[in-house]
Amino acid sequence: MIVHRILVSYYLFSEFRDLTDSNQKPLIISTGVTKVEHTGEGTSDSEDCRSQAAVGKKRRKRVHRGEKPFQCDQCDYKTDWRASLNYHIMSHSSEKPFACDQCDYRTVRVKGFEEHKMKHSGERPFRCDQCDYRTVRKRDLTNHKKVHGGEKRFLCDQCDYRTVRVKDLEEHKMKHSGEKPFRCDQCDYSTVRKRDLTNHKARHEGEKRFLCDQCDYKTNRKTYLKEHKMKHSGERPFLCDQCDYTTIRKGSLKDHKVIHTGGKQFTCDQCDYRTSLMTSLKNHKKVHSDEQAFACDQCDYRTFRLSNLKNHKKVHSGEKAFVCDQCDYRTVRVKDLEEHKMKHSGEKPFRCDQCDYGATRMATLKCHKMIHSGEKQFLCDQCDYKTNRKTNLKHHEMKHSGERPFLCDQCDYTTNCKGSLKNHKVIHTGEKQFTCDQCDYRTFWMTRLKNHKKVHSDERALACDQCDYRTSWLSSLKNHKKVHSRQEASVSDNSVASS
């Protein structure tokens, strides 16, 4: 006896009431399939099978040709399968008969309901035989296996993008066209994927149902919680095969690998900025537009990133969840803590390829490299001052205005730099925590200790290009060069006078 599983096709909204009991509670259908048995009597069963096979063949052809003949009359939704359209139409009616008894999830599809229940039970019946991947859907496993096979037969005709799924290709093409069909009805947000819109809407509702069991972190996405927990465990499973870079996100690793190719295909149309990432270009363009849409409701702080605003608000609340285990340092961001720990270890992973300079941050290294190139793109409109950092220009402009917004709460000290105020406040503690290991020198500041140690090493890396003068400090070299400038000016004046 041959048993064929044929998908149920009667889930039309108009017929659904026949599937409920007298109390209008939805029936829970365990399989979502109906069985047709070959009894060997007559030919009707065989004809049914041939009919089902013909439908399947027709649908496969439509997939390859990209045809989607079934269209919703209430929105732009199209599909290659009539049953999918039937399910979709029910989404407009807002009736979702299958309700989860453990959370607020509701759906129009019994199969989706069964898959959802597996999330609560942790059951993932479909396993990959080549890695640890497990899933609740057979089609997800089929797509996953193509990753091992290297089969990516759907190609973009505008770039080198390849994928194993036609749906991924359709979403990718929207990046070229700029099309974002899924729009939020509460703000200007739009996206190419429906699930991204669903996650976005949860922000408006304030719903954060995924909670960390080690801290107060909450999120509206399970994947975010998984990534957050790796910060506690220190796990960074995604490794670069060309350098020591590790990360908790697969997407971050993909972005990082572009650095090794040396390609920077995304260029700014207002300056010489180039980058390998479209997201970096978008953020850069906000510098030109001075767009700072996210504003703090407790002070004048504004930013163009929601994540920056969230971190800033923790300053007002005093919440600093990430603590250094070697000193009293506390911060609102785990990345800041990682960078801080490098000060204790002396690790400086970002190194200049033109000198011995090393840094704990890529952004700091980029600013340093501008010293070698001589590039100073930020100009003061009141004097000849130039700099390679926007923050430096901002501080310089305060000298013209006389503005000193950062005030010490223990004395009359004021400054135009937040970092300077922080360094000043250490003086009031009376504690000189940085000590020299070769003499009795003690200081409040790490930078002072570094400069002091150069006395013991007799390290004088900075040399004058006009005489034999060498020094450990850039400021000393600058002052020294002014001597040569004055001498040249004096010689020029004498020659003019003698003539």
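Assorted remarks:
- Options Thr267, Thr191; residue that is over 30 Å from Asp76 (Cα atoms) and in contact with a strand residue (DSSP E or B) (Cβ under 7 Å, 6 or more places away or on another chain): Thr267
- Whichever residue in the stretch 412-447 is over 25 Å from Thr391 (Cβ atoms) and among the hydrophobic types (A, V, I, L, M, F, W, C) and, among such residues, is surrounded by the fewest Cβ atoms within 10 Å (Cβ to Cβ): Cys439
- Near pairs, Cβ below 6 angstrom, 6+ apart or cross-chain, from the stretch 467-490 (within 18 Å of Tyr357 (Cβ to Cβ)) to any residue that is part of a strand (DSSP E or B) and among the hydroxyl-bearing types (Ser, Thr, Tyr): Leu477/Thr471
- Selection of the stretch 243-288 for residues being within 30 Å of Lys229 (Cβ to Cβ), assigned to a helix (DSSP H, G or I) and of a type in the set (A, V, I, L, M) yields Leu253, Val258, Ile259, Met278.
- Residue satisfying condition, being loosely packed, with under 12 Cβ neighbours inside 10 Å and farther than 23 Å from Phe304 by Cβ, within set Lys218, Lys250: Lys250
- Condition check for Asp353: in a loop (DSSP other than H, G, I, E, B) and modelled with pLDDT of 85 or more: no
- Among residues of the stretch 424-435 that are more than 12 Å from Tyr413 (Cβ to Cβ), those with a beta-carbon under 6 Å from a residue that is of a type in the set (Ser, Thr, Tyr) at least six positions away or on a different chain give the pairs Lys432/Thr443; Phe434/Thr443.
- Among the residues of the stretch 186-242, those that are closer than 27 Å to Lys254 by Cβ and of a type in the set (A, V, I, L, M, F, W, C) comprise Val192, Leu197, Ala202, Phe210, Cys212, Leu225, Met230, Phe238, Leu239, Cys240.
- Selection status of Asp272, surrounded by fewer than 15 Cβ atoms within 10 Å (Cβ to Cβ), among the charged types (D, E, K, R) and in contact (Cβ under 8 Å) with a residue 60 or more places away in the chain: no
- Answer residue from the stretch 367-385, given it is within 18 Å of Cys417 (Cα to Cα) and at pLDDT 85 or above and is surrounded by the fewest Cβ atoms within 10 Å (Cβ to Cβ) among those: Cys380
- In the stretch 208-245, the residue that is nearest to the chain's Cα centre (by Cα) out of those that are touching a residue at least 24 places away in the same chain (Cβ under 8 Å) and closer than 20 Å to Pro349 by Cβ is Lys231.
- Among the residues making up the stretch 336-381, a single one is under 22 Å from the mean Cα position of the chain (by Cα) and touching a residue at least 40 places away in the same chain (Cβ under 8 Å): Pro349.
- Test result for Asp48, of a type in the set (Asp, Glu) and either surrounded by 15 or more Cβ atoms within 10 Å (Cβ to Cβ) or modelled with pLDDT of 75 or more (or both): no
- Filter pass, Thr267 being of a type in the set (Ser, Thr, Tyr) and surrounded by 14 or more Cβ atoms within 10 Å (Cβ to Cβ): no
- Entirely in the stretch 107-199, the helices (runs of 4 or more DSSP H) that have 3 or more residues that are touching a residue at least 40 places away in the same chain (Cβ under 8 Å) and either under 21 Å from the mean Cα position of the chain (by Cα) or assigned by TED's automatic domain parsing to the domain that holds Arg65 (or both): 110-121
- When residues of the stretch 371-406 are limited to those that are among the polar types (S, T, N, Q) and touching a Lys or Arg at 6+ places or on another chain (Cβ under 9 Å), the one nearest to Gln270 (Cα to Cα): Gln377
- Flag: Ser485 does not match the condition of being of a type in the set (Ser, Thr, Tyr), within 46 Å of the chain's Cα centre (by Cα) and either modelled with pLDDT of 80 or more or in a loop (DSSP other than H, G, I, E, B) (or both).
- Complete set of residues in the stretch 173-183 that are surrounded by 14 or more Cβ atoms within 10 Å (Cβ to Cβ) and touching a Ser or Thr at 6+ places or on another chain (Cβ under 7 Å): Lys180, Phe182
The values are calculated or read from the model by the stated rules, or taken from the named source; none is laboratory data. All values derive from a computational prediction rather than experimental measurement. Cβ atoms come from the backbone with ideal geometry, glycine included; neighbour counts cover every protein chain shown.
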